[in-house]
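Since the structure comes first, as structure tokens, the remarks are kept for the end.
The values are calculated or read from the model by the stated rules, or taken from the named source; none is laboratory data. Fair warning: this is a prediction, and the values are worked out from it, not measured in the lab. Here Cβ is always computed from backbone atoms with ideal geometry, including for glycine, and neighbour counts include all displayed protein chains.
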Amino acid sequence: MTDKSLSISPTRKLGKTDLEVSALAWGMWRFAGDDLDAATARVEAALAAGINFFDTADIYGTGFGAAEALLGRVFARAPSLRKGVVLATKGGIQPGVPYNSSAAYLIAACEASLKRMGVERVELYQIHRPDSLAHPAEVAAAFDTLRGAGKIAEAGVSNYTRPQVAALRAHLPFALASTQPEFSALTIAPISDGVLDQAMEVGMGVMAWSPLGGGRLGGHSDDPRVKAVAAALDEIATRQGVSRASVAYAWIMAHPSGAIPIVGSQQPERIAQSVEALSVTLSRAEWYAVLTASRGTPLP
Ligand code: NAP
């Protein structure tokens, strides 16, 4: 293995599924407001950049269902845009509860999501956060019912621990497509808590949420740890003539789990620029320098 081996393929299959997804996804947590032209411009920027993997959730936007409804309006006005999208949404957060992964709730939540987006099915349906009161057999049954009805193509989870994934997999009659942890140069827990190892063990796709630490890596920070990580990223960015954000995305993608950063920007130019990350090649030493900056202590 050469030192310059941590390079990235622009598309890949999601886990063991047939879904062909881009190496970066675009996320709609911050997809808010009522401006249909602005919303459409973001969708078009992502697709034009080769980002076909879109991640939303029923709770995203300003008010429950708002981001999905806005995307539904974009698709209704320009139906051709839907065809190019591998659409992922999530359910299971119930405002005021806060979690509900009972089969009846999940099935109804998924059907409501489809309706808001004006689509027949989503390619990926994810449990947003684990519900301690739902038996994994019940979650699996909900996924199986939705899949049998053609309402979802594949199923995934988010914010699940390794044992929670194992318990769900034990009851699911088909492969779990993906897991979605928070993972970035600032949130490095999945590297050592077994979440990424498990994904590689069983063949699940990994979607990395808040790849810029929710924006903390985007600009200036006074936090010493954020500053140290930003400096490590900047050193590489300067050498390669790319943006810090591109190096931050590339750092995630360089992990052998093939993690897919979910770009959170709502600015078309930044969405377009994010794929610059595909041209970043990290050496082992560079990758470990960022990890060390994030840990704040040298590796043993
Ligand atoms: P992020 O990429 O870490 O942060 C995006 C934020 O950073 C935006 O507000 C963006 O502002 C700002 N930003 C500042 N400088 C930037 C730069 N140079 N380049 C790009 N953005 C910059 O991601 P995130 O929005 O926190 O999360 C991304 C996606 O992850 C969400 O949309 C959602 O799909 C998913 N997510 C999932 C969970 C979960 O529990 N499963 C939780 C949170 C998020 P501008 O818009 O002005 O560019």
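List of remarks:
- Every residue from the range 88-108 that is under 22 Å from GLU20 (Cα atoms) and touching a helix residue (DSSP H, G or I) at 6+ places or on another chain (Cβ under 7 Å): THR89
Rundown of residues vs (1) touching a residue at least 40 places away in the same chain (Cβ under 8 Å); (2) buried (at least 19 other Cβ atoms within 10 Å of the Cβ), yes/no style:
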| site | (1), (2) |
| --- | --- |
| ILE236 | yes, yes |
| GLY241 | no, no |
| ALA245 | no, yes |
| ALA250 | yes, yes |
| ALA254 | yes, yes |
| GLY258 | yes, yes |
| VAL263 | yes, yes |
| GLN266 | yes, yes |
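- Every residue from the range 165-192 that is closer than 19 Å to PRO261 by Cβ, in contact with a helix residue (DSSP H, G or I) (Cβ under 7 Å, 6 or more places away or on another chain) and not small (Gly, Ala, Ser): THR179, PRO181, PHE183, LEU186, ILE188, PRO190
- Remark: pairs (first residue in the range 51-64, under 23 Å from ALA277 (Cβ atoms) and among the hydrophobic types (A, V, I, L, M, F, W, C); second residue in a loop (DSSP other than H, G, I, E, B) and within 8 Å of the ligand (Cβ to nearest atom); Cβ separation under 8 Å; 6+ apart in sequence or on different chains) = PHE54/MET28.
- Filter result for ARG73 (within 14 Å of the ligand (Cβ to nearest atom), farther than 15 Å from SER274 by Cα and modelled with pLDDT of 95 or more): no
- Number of the condition not met by ASN159 [criteria: (1) at positive phi; (2) surrounded by fewer than 22 Cβ atoms within 10 Å (Cβ to Cβ); (3) out of contact with any Lys or Arg (no Cβ under 6 Å at 6 or more places or on another chain)]: (3)
- Applying the criterion of at least 3 residues that are of a type outside the set (Ser, Thr, Tyr) and surrounded by 14 or more Cβ atoms within 10 Å (Cβ to Cβ) to the strands (runs of 3 or more DSSP E) found wholly in the range 10-88 leaves 25-27, 53-55.
- In the range 276-283 there is at least one residue matching the filter, namely being within 17 Å of LEU217 (Cα to Cα), small (Gly, Ala, Ser) and in a helix (DSSP H, G or I).
- If you check GLU138, GLU201 for being at negative phi, out of contact with any helix residue (DSSP H, G or I) (no Cβ under 8 Å at 6 or more places or on another chain) and acidic (Asp, Glu), only one passes: GLU201.
- Residues being within 7 Å of the ligand (Cβ to nearest atom) and within 23 Å of ALA228 (Cβ to Cβ) - total across the range 245-262: 1
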